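Here is the structure we will look at, set down as structure tokens.
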Amino acid sequence: MTCVIMANGEFCTNKITLNYLKNADFLIACDGAANLLLANNYEPNVIIGDLDSFQNLKTKAKIIKVKNQNTNDLTKAYKYALSMDFSDIFILGAGGKRDDHFIANIALLFQYFKLKNRFNKTINLKLITNYGEFFIKNTDFTANSYKGQQISLFCLDKRAKFSSQNLKYELNNFNFKYLNSGTLNEALGNTFSIKNHNNKELLVYLNFN
């Protein structure tokens, strides 16, 4: 089961993001994002947030008002999604409009990544914009790619070390001295692999065509 959470940022404008939206088994709108979804003929299953932006348009969606101002609407939506048995949760619309919101939403991935759903299952979580996708890994992994795909890696822990295979600029027990130390790399083929030597959290960005 795949859940898509639509945040109230830039709406989907390309085939990749629109396919995520069209193929969602369950669609959650963060407050005012429901206005965009309904205007584009997408009916959410749930609309959640403090509802200060939702325009009360005609909808069959379940509407949930959560007044808690200590968390943003995206967090409210994500925690709601965790109450169900989803294997994949994809966040759309988290970029655009305000750069500070976008940075905050990326930072939230580090919090969300640690959470399991109520069935104690780990979630395949991605934040997807019109330009690329972000996800976090804390183990060795192999990811699909294409030759020439632009890839950036970010790590907040200066003690972490990583090695790679099939990247233009290979990592060999690489240490992230600065946050941008692993950016602007490139895939050499249909996959690339990362060896996480001490299981630290790595934020991965894959650019679309």
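Brief remarks on what is shown
- Some residue of the range 131-144 being open to solvent by less than 20 Å² (accessible area, probe 1.4 Å) and in a loop (DSSP other than H, G, I, E, B): no
- Filtering the range 151-184 to residues that are open to solvent by less than 10 Å² (accessible area, probe 1.4 Å) and closer than 21 Å to Phe110 by Cβ leaves Ile151, Leu153, Cys155, Ala160, Phe162, Phe176, Gly182.
- The set of residues in the range 96-114 being surrounded by 13 or more Cβ atoms within 10 Å (Cβ to Cβ) and over 21 Å from Phe11 (Cβ atoms) consists of Tyr112, Phe113.
- Residues considered: Tyr205, Tyr178. Of these, the only one that is touching a Phe, Trp or Tyr at 6+ places or on another chain (Cβ under 9 Å), among the aromatic types (Phe, Trp, Tyr) and either in a strand (DSSP E or B) or at pLDDT below 95 (or both) is Tyr205.
- First in the range 111-127 and assigned to a helix (DSSP H, G or I), second anywhere and aromatic (Phe, Trp, Tyr) and open to solvent by less than 20 Å² (accessible area, probe 1.4 Å), Cβ under 7 Å, 6 or more apart: Tyr112/Tyr78
- A search for C-beta distances below 9 Å between a residue of the range 188-206 that is acidic (Asp, Glu) and any residue that is open to solvent by less than 40 Å² (accessible area, probe 1.4 Å) and outside any strand (DSSP E or B), counting only pairs 6+ apart in sequence or on different chains, returns Glu201/Phe110; Glu201/Cys155; Glu201/Asp157; Glu201/Ala160.
- Cβ pairs under 6 Å, 6+ apart, first in the range 22-33 and small (Gly, Ala, Ser), second surrounded by fewer than 21 Cβ atoms within 10 Å (Cβ to Cβ): Ala24/Thr2; Gly32/Ser53
- Note on the range 1-71: enclosed strands (runs of 3 or more DSSP E) holding 2 or more residues that are more than 24 Å from Phe119 (Cβ to Cβ) and open to solvent by 30 Å² or more (accessible area, probe 1.4 Å) are 62-65.
- Scanning the range 87-101 for residues being under 14 Å from the mean Cα position of the chain (by Cα) and among the acidic types (Asp, Glu) gives a total of 1.
- Checking each residue in the range 181-202 for being of a type outside the set (D, E, K, R) and not in a strand (DSSP E or B) picks out Ser181, Leu188, Gly189, Asn190, His197, Asn198, Asn199.
The values are calculated or read from the model by the stated rules, or taken from the named source; none is laboratory data. Please read these numbers as outputs of a predicted model, since none were measured by experiment. All Cβ positions, even for glycine, are placed from backbone atoms using ideal geometry, and neighbour counts span all protein chains on display. Only protein heavy atoms, including side chains, enter the accessible area calculation; ligands, DNA and RNA are left aside. Shrake-Rupley method; radii C 1.70, N 1.55, O 1.52, S 1.80 Å.
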